[in-house]
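Each remark here refers to the structure printed beneath this line.
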């Protein structure tokens, strides 16, 4: 059975009369990437703050790395790292000095401290700029340095709160590669993001938070299958084959291209196999087929009533 890195049950948080988290249940498997999506104001950052001990919940229970957040705060903090929406680097220090400061705060010995700082500078491709003031770093370099500082204490679980906001596409992909490497080493990542492509590419599981409630959870593929519009596109060699298929598949409609049909389907292998077997039983040959499912934008719109572009524009 997969071990839980983060487990929350009935999580509640309110500010005066405004309910921000309304009974949230989460279970994040160790060594995976879990992504929390939601519009601005949905409660994503509040969730991260509660799970990472930066804020106390009003109700519910939370265990992180096997420790109760409310009663074993020190043990939780020893096991986690947090990278917030805005890089927490000191602009008046160099990249190396920022890392050294974290090593000192973690009370690493001088030998281990030097080794860790050197390794992280190399790992994040910051060696050449190590002696430059952080104020001179680009947005991508600042985010890399910020994540490197989080790794000084070798956390088992890392909370990344919108880590690629404001980055150019190349820097964003570099960050994605770094996140994948961390998970390959056994680290658990809890990621909040407004970029649906980011969640789609990285996350093993996704939860959608809206108005303080979780409105959906599952793998990216699971969530897409919940939205109407999934279909199999069939390509035929002739009108004869296509007309025959139309007679057999009464739910099919002609596609936008010549000699193609769209057949509603959940896209699962078992369903596609049954569809092809049905045509084969009538000696109807399919030239090509492809499965088309809604993307996460469609999922997000269906669940929250807003598109991701409307969310990021706010």
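Derivation of every value follows stated rules applied to the coordinates shown; laboratory data play no part. The structure displayed is predicted, hence computed values, not measured ones. Please note: Cβ atoms are built from the backbone with ideal geometry, for glycine as well, and neighbour counts cover all protein chains shown.
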Could you list 227, 80 in order of exposure, starting from the residue whose Cβ has the fewest other Cβ atoms within 10 Å? 227, 80
Stretched out fully, how many nm does the piece from residue 154 to residue 138 gain, at 0.36 nm a residue minus the Cα gap? 3.3 nm
Contact order normalised by residue count of the chain, Cα under 8 Å, 6+ apart, percent: 20
Can you give the angle from 0 to 90° between the axis of helix 239-248 and the longest principal axis of the chain, with both taken from C-alpha atoms, to the nearest 10? 80
Give the calculated FRET efficiency between residue 290 and residue 176 to the nearest 0.05, with a Förster radius of 30 Å applied to their Cβ-Cβ distance. 0.70
What FRET efficiency, computed as 1/(1 + (r/R0)^6) with R0 = 51 Å and r the Cβ-Cβ distance, is obtained for residue 274 and residue 127, rounded to the nearest 0.05? 0.35
Please say if the stretch 4-220 is rounded, prolate or oblate, where rounded means a/c under 1.5 for a ≥ b ≥ c the square roots of the C-alpha gyration tensor eigenvalues, and otherwise the choice is prolate for a/b larger than b/c and oblate otherwise? prolate
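If neighbour count is taken as other Cβ atoms inside 10 Å, put 124, 240, 159 in order from fewest to most. Mind dumping the intermediate values first?
On the way: 124 21, 240 10, 159 26.
Fewest to most other Cβ atoms nearby, the residues stand as 240, 124, 159.
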Could you tell me how many degrees, from 0 to 90 and to the nearest 10, lie between the Cα long axis of helix 139-150 and the main elongation axis, the longest principal axis, of the Cα atoms of the chain? 70
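Of the DSSP beta bridges with both residues in the stretch 4-220, give the percent that are antiparallel, rounding to the nearest 5.
55
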Rounded to the nearest 10 degrees, the helix 169-184 long axis (Cα) sits at an angle to the longest Cα principal axis of the chain of 80
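Ranked by Cβ crowding within 10 angstrom, fewest neighbours first, how are 214, 36 ordered?
214, 36
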Asserting the computed 222 nm helical MRE of the chain (DSSP H runs at least 4 long, -39500 (n - 2.57) per run, divided by residue count, to nearest 500) equals -11000 deg cm²/dmol
